[in-house]
Amino acid sequence: MPKPRKITGINPENNAVELTEAEWDIMKVVWEKEPCAAGTVQETLAKSRDRAYSTVKTTMDRMTEKGFLEIERIRNLQLFRSCISEVDAKRGEFRKMLKRAFDGALTPMMQFLIEHEGLSKDEASQLRKLVQRQKSEGGNQKTERKGAK
């Protein structure tokens with residue numbers, strides 16, 4: 001069993017995974033097709049962007065060094081698997097944007113989205129449902145905590 005790798009591509013300030021744009025492109029393919037070879041990733045990316053195999057392979061090797069990917073060797077074949085979840089990568093990207101654009105504050109970001117990006121009736125309804133669900137789950141957690149004392 002391989003030893004867990006330390007992920008060096010994490011922002012120590014907020015403990016969030018931070019991927020470059022090229023790493024995002026690669027991770028999306030790996031999450032969809034893992035385990036997969038670098039050639040598979042390059043072929044998939046070639047449909048939307050012209051990237052040389054050597055560029056993709058070099059980037060994937062660096063991502064392995066950072067702890068984002070791991071390599072499984074089967075004879076001469078190298079298969080790549082993700083070491084980070086899509087949720088963790090999205091969380092890191094979101095935190096980076098939130099800090100940069102809104103000083104880390106969620107409420108001003110939500111206000112900006114509503115006022116400047118607009119919400120359809122369906123999106124507004126979905127948002128209300130999410131807020132209600134959070135309220136009810138939060139209420140249940142408080143009740144459980146009181147009962148546990």
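Below, the figures for the structure above:
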read-out: All positions within segment 71-110 that are without any contact (Cβ under 8 Å) to a residue 12 or more places away in the chain and among the β-branched types (Val, Ile, Thr); value: Ile71, Ile74, Val87, Thr107
read-out: Near pairs, Cβ below 7 angstrom, 6+ apart or cross-chain, from segment 55-67 (touching a residue at least 60 places away in the same chain (Cβ under 8 Å)) to any residue that is of a type in the set (Ser, Thr, Tyr); value: Gly67/Thr8
read-out: Hey, Met109 under 17 Å from Ala22 (Cβ atoms) and either surrounded by 13 or more Cβ atoms within 10 Å (Cβ to Cβ) or of a type outside the set (Asp, Glu) (or both) or not; value: no
read-out: Scan of segment 74-104 for residues that are exposed (fewer than 13 other Cβ atoms within 10 Å of the Cβ), within 20 Å of the chain's Cα centre (by Cα) and not charged (D, E, K, R), ordered by number; value: Ser85, Val87, Met97, Ala101, Gly104
read-out: Wholly within segment 85-149, helices (runs of 4 or more DSSP H) carrying at least 3 residues that are under 30 Å from Lys28 (Cβ atoms), in contact with a helix residue (DSSP H, G or I) (Cβ under 8 Å, 6 or more places away or on another chain) and at pLDDT below 90; value: none
read-out: Meets criteria (of a type in the set (Gly, Ala, Ser), more than 16 Å from Ile26 (Cα to Cα) and modelled with pLDDT of 90 or more) for Gly67; value: no
read-out: From Arg5, Arg62, residue being at pLDDT 95 or above, over 30 Å from Met109 (Cα atoms) and touching a helix residue (DSSP H, G or I) at 6+ places or on another chain (Cβ under 9 Å); value: Arg62
read-out: Arg73 within 15 Å of Cys36 (Cβ to Cβ) and either of a type in the set (Lys, Arg) or touching a Phe, Trp or Tyr at 6+ places or on another chain (Cβ under 6 Å) (or both); value: yes
read-out: Residues of segment 67-84 satisfying the condition of being touching a strand residue (DSSP E or B) at 6+ places or on another chain (Cβ under 9 Å), outside any strand (DSSP E or B) and either within 14 Å of Ala22 (Cβ to Cβ) or among the polar types (S, T, N, Q) (or both); value: Phe68
read-out: Scope segment 29-47; condition aliphatic (A, V, I, L, M) and surrounded by 15 or more Cβ atoms within 10 Å (Cβ to Cβ); matching residues; value: Val29, Val30, Ala37, Ala38, Val41, Leu45
read-out: Count of residues meeting criterion [buried (at least 16 other Cβ atoms within 10 Å of the Cβ) and under 21 Å from the mean Cα position of the chain (by Cα)] in segment 48-60; value: 4
read-out: Single residue of segment 8-26 satisfying the filter (modelled with pLDDT of 70 or more and in contact with a Leu (Cβ under 8 Å, 6 or more places away or on another chain)) that is nearest to Lys99 (Cα to Cα); value: Asp25
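The values are calculated or read from the model by the stated rules, or taken from the named source; none is laboratory data. Computed from a prediction, not measured in an experiment: that's the story for all the values here. Using ideal geometry, Cβ is built from the backbone for each residue, glycine included, and neighbour counts are taken over all protein chains shown.
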